[in-house]
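Student: Sending over a structure as structure tokens; questions will come in a sec.
The values are calculated or read from the model by the stated rules, or taken from the named source; none is laboratory data. Here the structure is a predicted model, which is why all the values come from computation and not from measurement. Cβ placement follows ideal geometry from the backbone for every residue including glycine, while neighbour counts extend to all protein chains displayed. Please note that ligands, DNA and RNA were not included when accessible areas were found on the heavy atoms of the full protein model with its side chains. Shrake-Rupley method; radii C 1.70, N 1.55, O 1.52, S 1.80 Å.
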Amino acid sequence: MKRWRSDRNSGLYIAAFMTGLGILIAQLAWNRRLLILIGGSVDAAAAVLAAFMLGLGLGGRFFGRSGELSAEPRRLLGRIVLITAALSLLPLLLYPLLRPLYPLLYGSGLPTGFIRLLIATVMVFPATFFAGGIIPVMGRIVETAGAHREIARIYGLNAIGSAAGGFLAGFILLEFVGGPISLVIGALACILAVPLIRRGEEPAVETRTTGQTGRPSTRFLVIYGLTGMVALGLEVVWARQFTFVLGNSTYAFATMGIVVLTGIGLGSLAGQKIIARTRNPLAAFGLAELGLGLTSILPLAALSRFSELAALLTPGDSWLARTAASFAAAAIYMLPSTVFMGATFPLMIGAAARRDRLGSDTGMLSMTNCIGAALGAVMTSQILFRLTGPTISGTVLALLSVLIGALVLAISGKKRVALIAGPVSAALILLLAIDSRPPGSTPPEGMDLLFFREDRTATVSVFGREWDDYRSLRINGVEEVPVDQASLEAFYLLGHLPWGYNPGASTAMVVAMGGGITSGALLTHPLDTLVCVELCPAVREAAWIFEKENLRPDLDERFTLIADDGRNYLLGCGRRFDLIVCDATHPGSADSWVLYTREFYRTMLDALEPGGVAAQWVPLHQLPSTDLTRILATWADAFPHYSVHLAGGRHAILVGSSSELELDITAIFSDEEAAVQLASAGFSRSEPAPLMPVIMDPDIDSLTIAEAISVNTDARPHCQFIRRRAPLDPQATISGDVALIIALGSATVPELVYGQMLYWSDRLPEAVSHMRDTDGSMLDRRWLAVVLTSAAEQMYLTSRGLGALPLLEEAIDVDPSWERHLRLKQLIVSTMED
């Protein structure tokens with residue numbers, strides 16, 4: 001009988017896997033569209049997740065009840081899957097309609113959180129509402145003896161199918177075919193499941209009438225709703241904390257999602273075996289919640305060892321090997337928790353769902369769990385993170401899970417177990433939490449922690465080194481603002497060059513504050529207002545640490561900080577600016593790709609006043625030449641007039657406008673504060689060559705480039721997947737990128753640039769020799785001092801301090817205005833005296 005039942009339902013098993021796969025592909029494609037439309041802020045992410053979970057929950061309840069009243073539940077299920085597939089394509093049709101509507105809503109005075117939830121609901125609710133009915137109607141179909149095990153198996157296979165969909169979308173489809181085609185593929189996966197649903201027709205199912213009502217006990221619904229709230233809250237914490245070890249690329253977030261879904265699927269499959277062996281599934285549910293609480297704190301407590309574990313598991317240096325190791329390490333850390341999470345579904349079904357009303361009860365339980373999950377995402381990101389930060393939030397959620405588990409054990413009749421296991425589990429969680437440091441708070445070797453803030457949007461750390469006054473601002477563990485010669489050149493020029501192209505500007509907008517250095521550079525000029533849009537407003541609290549470099553823009557009455565996504569603000573605010581400066585993070589970061597597409601560049605162009613100028617920083621580290629070419633081609637395709645500058649030998653600054661560009665060097669230095677700041681980095685009014693563009697239109701024939709290599713678009717953002725192509729050595733791409741820019745341009749570049757290429761290729765002796773032969777400008781002398789000091793530092797670190805002193809003496813003689821060589825000499829002398 002058991003074997004016959006499995007054969008009869010084998011089509012449902014495959015269909016569950018296929019629909020999970022298709023819906024997850026669609027979800028990731030939807031997320032991309034919504035990221036473009038409503039932004040990548042924490043509030044926007046919470047709105048998207050809430051809309052998704054509400055659709056699944058309400059659909060589960062509605063179709064669970066509809067399935068009970070259907071005489072042909074398999075046919076109903078087939079229709080649900082087909083409609084889900086069709087509606088999954090709806091965002092493709094709605095996006096062009098909602099995009100022009102969004103600015104009107106944004107400026108209407110309505111709360112932005114409500115607007116984002118409204119847009120997300122319109123986009124994804126229809127498809128998720130029908131998708132939510134798939135599992136409950138399958139539950140209706142398998143209403144037989146052993147039905148609880150059958151629905152658990154179906155749920156587990158659906159979750160594993162979702163993990164497979166996450167892998168396909170995150171690692172293959174979105175990169176190689178783009179979002180729209182990925183949606184079509186996801187819809188096809190659902191459509192292919194329909195014939196399987198009809199395979200192996202079961203005997204006729206009894207038809208119920210509307211008079212036959214009832215639902216699981218209220219206590220079960222409350223418990224399962226709280227479980228969903230805690231589970232989604234923990235996933236929000238993991239998504240934040242694991243950024244420190246997996247990175248913030250698209251692949252990192254895909255890895256986390258795949259591991260979570262795989263664990264949930266395996267947990268459900270394990271839970272269906274427990275159902276067959278226990279007479280008290282509610283007690284088993286309580287133990288699973290205790291296990292979830294304990295295992296959820298373990299990875300957070302041991303997060304500092306993740307990199308060591310990944311290194312041990314890495315079979316080679318290739319991207320594939322490193323990704324496989326990250327997968328393995330993430331699985332070791334996260335699978336125990338997610339397996340317990342997945343086991344709660346079959347155990348709750350076994351405890352609360354009636355065998356002869358399995359579809360309806362599954363739908364009701366799913367609704368409360370999904371509503372709890374939606375509340376959990378909002379509660380964690382909006383309340384817990386705001387009050388306690390993610391580290392303590394993880395501890396609070398783990399304790400809540402233990403509390404739920406202990407209460408359930410007591411309700412199930414296991415009061416003695418609850419009285420012992422609950423307090424012991426809570427004590428272990430507190431001990432582990434007390435003994436662990438928040439991610440991002442441990443300084444690198446030789447540095448001190450100067451600032452640490454776990455904001456609800458991001459974790460901001462600033463580390464400093466005393467001997468040379470080096471400082472580094474990091475957001476979620478990623479270095480964003482290093483204070484070194486090359487970086488300061490980029491920050492300063494990103495602020496001063498736009499002014500030089502449009503010296504009559506009165507209004508400016510900056511995307512991303514960071515250390516405030518670029519905003520401070522802009523404010524050395526007589527602007528009337530500067531609006532800075534920053535996803536992580538906590539960086540403002542760290543601005544004082546960079547006072548020497550940023551001149552405290554946050555204290556300037558012309559400065560306004562807006563906590564929002566830069567692209568989203570520019571799309572919705574309806575304002576125009578004379579200058580728009582984009583100081584975004586690396587294009588390979590998970591959400592920064594939206595600031596490197598043709599659509600965003602055209603949004604910038606549209607938001608400029610007549611004669612206005614836009615500028616964007618482009619890093620050359622970990623940026624393959626093919627991707628740099630795409631970025632340059634995309635910029636040239638969007639802006640009628642453009643130029644490209646080099647800064648520090650490892651950064652590019654793109655400038656664009658609808659008007660012809662002419663750089664006024666005198667205007668850049670006309671304000672005293674600006675002149676002093678630029679001089680501190682080695683720039684001089686009388687030596688303009690380092691400030692001049694390397695590329696000017698029409699040096700780049702965007703059409704010619706586009707024929708050979710496609711530009712970045714919202715539908716096909718190639719830059720989103722840079723991490724797969726980037727070499728392990730972050731500096732390996734710099735020289736090749738600089739050579740590409742020189743080859744594309746028609747200007748004669750200073751000899752200094754070639755010396756910098758040698759420097760960033762780690763060819764110090766050749767760099768020293770080359771720079772000794774340069775023209776001797778102020779910036780030439782600064783960079784000779786930089787290279788000599790770097791060579792001396794290497795000698796000092798290899799216990800050759802005495803041999804380093806002559807190099808430092810030469811560096812001091814070449815550029816006595818710099819400080820680092822003086823500080824290094826003092827350090828070496830004091831060390832030798834000791």
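Student: Quick check: net charge around LEU77, other residues with Cβ under 10 Å of its Cβ, Lys/Arg +1 and Asp/Glu -1?
Tutor: On the way: positive: ARG74, ARG75, ARG79, ARG140, ARG198; negative: GLU72.
Result for the local shell: +4.
Student: At a Cα cut-off below 15 Å, give the aspartates and glutamates reachable from LYS825, other chains included and same-chain residues fewer than 8 away excluded.
Tutor: GLU466, ASP468, ASP469, GLU793, GLU809, GLU810, ASP813, ASP815, GLU833, ASP834
Student: Another question, then. Among PRO624, TRP593, GLY574, which residue has its Cα positioned farthest towards the positive end of the charge dipole of the range 545-692, with +1 placed on the Cβ of Lys and Arg, -1 on the Cβ of Asp and Glu, and the dipole taken about the Cα centre?
Tutor: Result: PRO624, furthest along the dipole toward the positive end.
Student: Relative to 2.2 N^0.38 Å, what does the C-alpha radius of gyration of the range 293-427 come to as a ratio? Two decimals please.
Tutor: After normalising by residue count via 2.2 N^0.38 Å, the value is 1.30.
Student: Counting only helical runs of four or more DSSP H residues, what would the 222 nm mean residue ellipticity of the chain come to if each run contributes -39,500 (n - 2.57) and the total is spread over all its residues?
Tutor: After summing the helix terms and dividing by the residues of the chain, the value is -20500 deg cm²/dmol.
Student: In addition: Work out the FRET efficiency for LEU69 and LEU320 from their Cβ-Cβ distance, taking R0 = 60 Å, and round it to the nearest 0.05.
Tutor: Rounded to the nearest 0.05, the efficiency is 0.75.
Student: Next up: Along the charge dipole of the range 279-384, pointing to its positive end and built from +1/-1 on Cβ of Lys, Arg, Asp and Glu, which listed residue (LEU313, PHE340, LEU282) has its Cα farthest out?
Tutor: Of LEU313, PHE340, LEU282, it is LEU282.
Student: Next question. 5 Å is the cut-off here: which amide hydrogens, built 1.01 Å from N in the peptide plane, fall below it relative to SER88, excluding neighbours closer than 5 in sequence?
Tutor: Under 5 Å from the amide H of SER88: no residue qualifies.
Student: Taking all pairs of distinct Cα atoms, average 1/r, flip it, and tell me the Kirkwood hydrodynamic radius of the range 232-334 in Å to one decimal place.
Tutor: After inverting the pairwise mean of 1/r, the radius is 15.0 Å.
Student: Run the simple label-point estimate for ASP469 and SER799 please: 7 Å along Cα→C-beta, distance reported in nm.
Tutor: Label-label distance for ASP469 and SER799, simple model: 3.3 nm.
Student: In the chain, what % of DSSP beta bridges are antiparallel (nearest 5)?
Tutor: Restricted to the chain, the bridges split so that about 65 percent are antiparallel.
Student: Looking at the calculated P(r) for the range 394-549, what percent of the C-alpha pair distances fall above 22 Å?
Tutor: More than 22 Å apart: 57 percent of the Cα pairs in the range 394-549.
Student: For the chain, what is the accessible area per residue in Å², given a 1.4 Å probe and the full set of protein chains?
Tutor: On a per-residue basis, 37 Å².
Student: Also: Once neighbouring chains are kept in place and the probe is 1.4 Å, which whole percent of the accessible area of the chain is contributed by carbon and sulfur?
Tutor: Carbon plus sulfur share of accessible area: 61 percent.
Student: Also, I was wondering about something else. I need the calculated FRET efficiency for the pair GLU541 and LYS415, taking r as the beta carbon distance and R₀ as 60 Å, to the nearest 0.05.
Tutor: Working: r = 48 Å, r/R0 = 0.80.
Efficiency, from the Cβ-Cβ distance: 0.80.
Student: Calculate the tail of P(r) for the range 396-466: the fraction of all Cα-Cα distances greater than 21 Å, expressed in %.
Tutor: Distances greater than 21 Å cover 50 percent of the Cα pairs.
Student: Which part of the range 642-677 falls in the paramagnetic zone of VAL749, meaning amide N under 20 Å from the point 7 Å along Cα-to-beta-carbon?
Tutor: 642-656, 663
Student: For the residue pair ILE434 and VAL122, what label-to-label distance in nm results when each label sits 7 Å from Cα along the Cα-to-beta-carbon direction?
Tutor: If labels sit at ILE434 and VAL122, their model points lie 5.3 nm apart.
Student: Consider just the alpha-carbon atoms of the range 1-87 and return their Rg together with their Dmax, both in angstrom.
Tutor: For the range 1-87, the Cα radius of gyration and maximum Cα-Cα distance read 16.6, 54 Å.
Student: Further, regarding this structure: Step by step: find N for the chain, compute 2.2 N^0.38 Å, then divide the Cα radius of gyration by it. What's the final number? Intermediate values should be presented prior to the final figure.
Tutor: Details: Rg = 29.4 Å, N = 834, 2.2 N^0.38 = 28.3 Å.
Compactness ratio reported: 1.04.
Student: Give me the tail of P(r) for the range 561-640 as a percent: Cα-Cα pairs with distance above 16 Å.
Tutor: It works out to 51 percent of all Cα pairs.
Student: Now, a different point. What FRET efficiency do you get for ARG558 and THR666 if R0 is 25 Å and r is their Cβ-Cβ distance, rounded to the nearest 0.05?
Tutor: Computed FRET efficiency for ARG558 and THR666 comes out at 0.65.
Student: Oh, and also: Between VAL510 and residues 5 or more places away or on another chain, which pairs have amide H atoms under 5 Å apart, with H built 1.01 Å from N, and which residues are they?
Tutor: It is VAL531, CYS532, VAL533, VAL581, by chain and number.
Student: Among the DSSP beta bridges whose two residues both lie in the range 464-604, what percent are antiparallel, rounded to the nearest 5? Working shown, then result.
Tutor: Working: 6 of 20 bridges.
Roughly 30 percent of the DSSP beta bridges within the range 464-604 come out antiparallel.
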